[in-house]
């Protein structure tokens, strides 16, 4: 158990290094420079809003069906 | 919740197609450039529209077989939702065409075919409103609907294939061939298609259920 947790700690400790390396590689890519992720997030937010809206409509209709 | 699993599936499918559609690799092609990603969003609109119209035809046939009012209502609401997706398809297509083909509405058989098909389905709704008597309305519009569907399909899918069209799949190049879609795009595209069809069905069922409640209130 102790060994495992040590290994885990070691992994966490090395994580930033791994990520940093990735970032160096990614920085040359067009996508990270172009900030396309922001657009994806915006679209996901809009889509999530539509989804929530549909679910609330669904619930409202269900209520109406029960009342009738 | 157990009954609603497909709604959640629909949301997951479309959401993942948004992520994979924007971040994934696409073939580098002249003229199209990054707009090839529109395939994930513009084309599923049309697939959804055709699926909803197909559902509508099935319910029209069911209505003619049984005479149950609920089937007629389902047929109308499927067309209503289908027209929503048709409008989305037309608008996104015009935007895309403006950039890649130079005009929002070039003289293309697929565009003109889809315009006629849209008018046909709008005529279906006008026809329904024109008939006062309920049974007559349901029967006549069901028969109209059964005729409209194959004509729509020919206009949108088959005739453009026989002519030279700007759309892929015409004038010799195959639809979804290797030219316009690679092996990464295909799964993302079909994910989007299935997701949007499920969402279209979901909206249809919502409209149908509201319509049923309205119908019950009116008949009381």
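Every number here is computed from the coordinates shown, using simple stated rules; none is lab data. Just so it is clear, the model here is predicted, and its values are computed rather than measured. In this analysis, Cβ positions are derived from the backbone assuming ideal geometry, glycine residues included, and neighbour counts consider all displayed protein chains.
Between the Cα long axis of helix B:69-100 and the first principal axis of chain B there is an angle of about 20°, rounded to the nearest 10. Note on chain B: Rg/Rh from C-alpha atoms, Kirkwood Rh, equals 1.01. Full extension of the chain between residue B:154 and residue B:101 yields a length gain of 16.7 nm, computed as 0.36 nm times the residue separation minus the alpha carbon distance. Label sites at residue B:3 and residue B:220, each approximated as a point 7 angstrom past Cα along Cα to Cβ, lie 2.1 nm apart. Each of B:5, B:101, B:202 was scored by other Cβ atoms within 10 Å of its Cβ. Arranged with the fewest first, they read B:5, B:101, B:202.
Calculated [222 nm] ellipticity per residue, helices only, for chain B: -25000 deg cm²/dmol; basis is -39500 (n - 2.57) per DSSP H run with n ≥ 4, divided by all residues, nearest 500. The long axis of helix B:109-130 is offset from the longest Cα principal axis of chain B by roughly 10 degrees.
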